[in-house]
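See below for the structure under consideration.
The values are calculated or read from the model by the stated rules, or taken from the named source; none is laboratory data. Because the structure is predicted, anything quoted here is derived from the model rather than measured. Backbone-built Cβ (ideal geometry, glycine too); neighbour counts: all protein chains shown.
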Amino acid sequence: MIRKEPRLYYRVFVWSGTLRLFHWTLAFSTFILILTGIYIHYPPITTKWAEFKPLYIMATLRYWHFAAGYFFICALAVRFYLFFAGNQYERPTDFLPINKRNLKSLIHNIKFYLYLTDEHECRMGHTVLAGTIYFVLFICGVIMGLTGLYLLYPETPLIAKAGHQLFGTPQQARLIHYLLNWFFIFFIMVHLYIAVWNDFNAPDAIISGAFSGSKMMPADLECPIEELEKIPFEK
Amino acid sequence: MGKKGHEIELAGGGVSRRTFLKGCAIAAATLGLSPEVVPRMVKAAMSPKRPPVIWLHFQECTGCSEALLRAARPDIATLILDLISLDYHETLMAAAGKQAEENLHNAVNKNVGKFICVVEGGIPTKDGGIYCKIGGKTAMEILNEVAPKAKAIIAIGTCGAFGGVQAAKPNPTGAVGVQDLIKGRPIINIPGCPPNPENFLATVVQILTYGRPPELDELGRPKFAYGRKIHDHCERRPHFDEGRFVERFGDPGHKKGYCLYKVGCKGPVTYSNCSVERFCNIGAWPVGAGHGCIGCTEPGFWDTMTPIYKHLPGIYIPVGGGIREQAEEIGKVAVGGAAAVIAAHAAVGIGKKIFSLRCSTEKKEEK
Ligand code: HEM
Ligand code: SF4
């Protein structure tokens with residue numbers, strides 16, 4: 001099937017500046033956390049030469065890990081705030097499969113990614129499949145933050161108490177922290193692939209949207225124009 | 001002669017006064033107290049009413065008692081003759097059989113609410129607790145009889161505190177620590193496999209001096225001994241920060257005293273003062289001797305800290321009778337799998353595109 005192009009598009013602004021700030025803070029901090037975290041887990045080089053010149057490589061990378069960890073936690077806090085205070089598309093009600101419309105959309109998304117249908121769902125916010133996975137990622141991020149803080153401050157009474165209730169000993173928390181690390185690596189691989197794949201197969205230009213906050217919506221879509229005009233035009 | 005028992009002991013040279021004072025001073029230092037409390041401690045310890053101690057043995061290897069016998073500061077003689085009155089200890093007492101049973105009964109009932117009950121070993125609870133019986137009574141029965149009458153209970157060793165090796169999965173005898181069975185009495189856990197006798201001693205002296213147990217952490221361990229990670233006070237820590245690691249036992253790094261992190265040292269997640277107190281009065285301790293910490297003061301360490309020479313535990317996967325995977329293997333498999341799926345997905349997509357393009361050009365040509 002050849003798509004009808006040129007087609008008329010509206011450029012609609014969906015993602016608030018705050019959400020984009022959250023996205024890139026999370027992206028960069030996660031990237032640093034994974035790299036430094038893997039070094040902490042298994043330092044591949046033993047710096048034999050450091051006998052001559054101090055490097056403090058483990059101490060430094062741990063420091064970066066903790067610094068990035070704070071950015072990561074702040075990013076999650078911002079996202080949590082947007083769950084309630086964000087625009088229509090940033091709230092969980094829009095992208096979790098909790099009603100009939102979203103459930104239908106979820107099934108459609110899965111079919112689309114399995115090449116069972118060519119019909120791309122042009123949707124203003126997240127597609128439901130993406131939204132659900134992002135939500136799972138958010139939960140995993142919270143667990144990363146909590147286990148991370150527990151590993152960092154295990155002697156602080158409040159954190160010690162909460163950590164013991166939630167995860168058990170620091171060693172158990174460390175195992176959870178490490179296993180979920182692989183979920184983040186897995187997520188990044190799939191996320192980047194899907195983003196690029198969508199740029200090939202769908203017209204909404206989601207990659208540039210991650211910077212500009214906009215999406216391209218086909219004008220011939222059944223979605224009424226008034227709906228489109230309701231969208232906050234903030235930049 | 002008008003002299004009380006301990007004075008005769010001191011005068012007779014059984015234990016020199018010097019040794020005895022030294023013992024008190026060391027106990028104070030272990031507790032992190034100022035030297036000013038030493039006289040008070042000495043007074044408490046010299047009081048004719050030395051606290052009776054009843055020492056119970058259940059599922060254990062007697063390693064904790066063995067460690068106690070090797071206590072050097074002060075030695076065992078000072079401890080049991082001057083500091084405490086060890087009224088019942090199965091491996092250290094002369095009595096046996098019926099006489100021993102009587103001793104226990106008398107010691108408990110003469111000192112209700114006054115004695116310190118020390119429990120060494122886990123307590124099996126499965127099938128009515130039949131897996132550990134002494135004199136026809138189960139460990140549970142003995143504990144329930146003795147512990148509620150104690151002033152305080154000290155669970156010595158990881159078995160007494162958390163169940164220990166017999167509580168490791170699948171825990172066939174349903175072994176638990178004292179704190180899981182006894183409520184309403186102060187319980188102090190001194191875990192370790194074996195624990196440092198100095199920590200035990202300092203706890204006893206603290207109870208003697210102040211009449212209350214020391215400050216405890218989340219797991220009921222005294223904070224003076226279990227308040228810091230091994231890693232925080234480890235002599236190899238500069239090597240850790242510097243990224244200098246032992247790769248294999250016996251390699252050049254090992255000979256140079258590098259950090260044992262990569263050969264499975266659990267110091268970063270283990271709470272104990274081993275690196276500070278050390279053992280046997282000769283400054284020895286595992287990491288100092290070139291072996292990583294095995295995390296023996298943490299609950300469930302047989303399950304969570306093994307394999308000993310790996311950083312993290314294996315994960316049990318219930319496939320084909322169960323396999324134990326190292327966590328990173330799982331990660332690599334997951335990520336490798338994801339890469340394969342992505343590649344296949346992309347290939348199908350490209351293939352489909354080429355196919356549909358060809359179809360449509362064919363259709364055009366037909367027209
Ligand atoms: C996506 C987020 C994160 C990833 C992928 C990640 C990854 C890792 C990894 C792989 C390790 C090594 C685990 C081990 O084998 O011991 C680690 C350790 C650690 N992480 Fe994270 N981490 C993340 C978030 C955080 C956060 C938010 C904090 C809190 C500030 C944090 C604090 C720590 C601490 C304290 C350690 C232990 C360091 C040590 O034992 O020396 N992490 N992390
Ligand atoms: S040897 Fe163990 S406790 Fe010591 S610095 Fe290395 S990891 Fe930490």
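Scanning region B:290-306 for residues that are surrounded by fewer than 22 Cβ atoms within 10 Å (Cβ to Cβ), within 13 Å of ligand 2 (Cβ to nearest atom) and of a type in the set (Gly, Ala, Ser) yields a single hit, B:GLY290. All of (1) closer than 28 Å to B:PHE245 by Cβ; (2) modelled with pLDDT under 85; (3) touching an Asp or Glu at 6+ places or on another chain (Cβ under 9 Å) hold for B:VAL287 with one exception: (2). Each residue in region A:185-208 was checked for being at pLDDT below 90 and surrounded by 14 or more Cβ atoms within 10 Å (Cβ to Cβ), and 9 of them qualify. Checked against (1) part of a loop (DSSP other than H, G, I, E, B); (2) on the phi > 0 side of the Ramachandran plot, B:GLY128 meets all criteria but (1). Just one of (1) out of contact with any Gly (no Cβ under 9 Å at 6 or more places or on another chain); (2) more than 25 Å from B:VAL112 (Cβ to Cβ); (3) outside any loop (DSSP other than H, G, I, E, B) trips up B:VAL146, so point out which. Of (1) out of contact with any Gly (no Cβ under 9 Å at 6 or more places or on another chain); (2) more than 25 Å from B:VAL112 (Cβ to Cβ); (3) outside any loop (DSSP other than H, G, I, E, B), only one is false for B:VAL146: (2).
Of a type in the set (Val, Ile, Thr) and either assigned by TED's automatic domain parsing to the domain that holds B:GLN166 or near ligand 2 (Cβ under 9 Å from one of its atoms) (or both): does that describe B:VAL287? Considered against the rule, which asks whether it is of a type in the set (Val, Ile, Thr) and either assigned by TED's automatic domain parsing to the domain that holds B:GLN166 or near ligand 2 (Cβ under 9 Å from one of its atoms) (or both), B:VAL287 comes out as yes.
To keep it simple, each residue is scored yes or no on (1) crowded, with 21+ Cβ neighbours inside 10 Å; (2) at pLDDT 90 or above; (3) of a type in the set (A, V, I, L, M, F, W, C).
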{"site": "B:LYS98", "(1), (2), (3)": "no, no, no"}
{"site": "B:LYS114", "(1), (2), (3)": "no, no, no"}
{"site": "B:PRO124", "(1), (2), (3)": "yes, yes, no"}
{"site": "B:THR138", "(1), (2), (3)": "no, yes, no"}
{"site": "B:GLU141", "(1), (2), (3)": "no, yes, no"}
{"site": "B:VAL146", "(1), (2), (3)": "yes, yes, yes"}
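Every test in (1) touching a residue at least 60 places away in the same chain (Cβ under 8 Å); (2) of a type in the set (A, V, I, L, M); (3) within 16 Å of ligand 1 (Cβ to nearest atom) is passed by A:MET189 save one, and that test is (1). In the set B:THR270, B:THR304, only one residue is at pLDDT 90 or above, β-branched (Val, Ile, Thr) and within 28 Å of A:GLY168 (Cβ to Cβ); that residue is B:THR270.
For region A:161-189, a residue qualifies if it is among the aliphatic types (A, V, I, L, M), facing another protein chain (nearest Cβ under 7 Å) and farther than 16 Å from B:GLY295 by Cβ, and the qualifying residues are A:LEU179, A:ILE185, A:MET189. Region A:1-117 holds helices (runs of 4 or more DSSP H) entirely within its bounds, and those carrying 2 or more residues that are surrounded by 14 or more Cβ atoms within 10 Å (Cβ to Cβ), away from chain B (no Cβ under 12 Å) and modelled with pLDDT of 95 or more map to A:17-41, A:57-85. Among residues of region B:112-165 being hydroxyl-bearing (Ser, Thr, Tyr) and touching a residue at least 60 places away in the same chain (Cβ under 8 Å), the one that is farthest from B:THR209 (Cα to Cα) is B:TYR131. Do we find that B:ALA44 is at pLDDT below 75 and over 30 Å from B:VAL119 (Cβ atoms) in this structure? So B:ALA44 does not fit the description; no.
Matching residues to (1) surrounded by fewer than 24 Cβ atoms within 10 Å (Cβ to Cβ); (2) of a type in the set (Ser, Thr, Tyr); (3) under 29 Å from A:THR60 (Cα atoms); (4) not assigned by TED's automatic domain parsing to the domain that holds B:LEU21:
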residue: B:VAL205; (1), (2), (3), (4): no, no, no, no
residue: B:GLU235; (1), (2), (3), (4): yes, no, yes, yes
residue: B:GLY250; (1), (2), (3), (4): yes, no, yes, yes
residue: B:GLY257; (1), (2), (3), (4): yes, no, yes, yes
residue: B:PHE279; (1), (2), (3), (4): yes, no, no, yes
residue: B:ILE282; (1), (2), (3), (4): yes, no, no, yes
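Scanning region B:266-284 for residues that are within 13 Å of ligand 2 (Cβ to nearest atom) and away from chain A (no Cβ under 14 Å) returns B:CYS274, B:SER275, B:VAL276. Here B:GLY243 passes the criteria (1) over 30 Å from B:GLY160 (Cα atoms); (2) more than 12 Å from chain A (Cβ to nearest Cβ) except the one numbered (2). Evaluating B:SER272 against the criteria (1) within 16 Å of ligand 1 (Cβ to nearest atom); (2) in contact with a Cys (Cβ under 9 Å, 6 or more places away or on another chain) leaves one unmet condition, (1). Taken together, B:CYS234, B:CYS259 contain a single residue that is within 16 Å of ligand 1 (Cβ to nearest atom) and within 9 Å of another protein chain (Cβ to nearest Cβ), which is B:CYS259.
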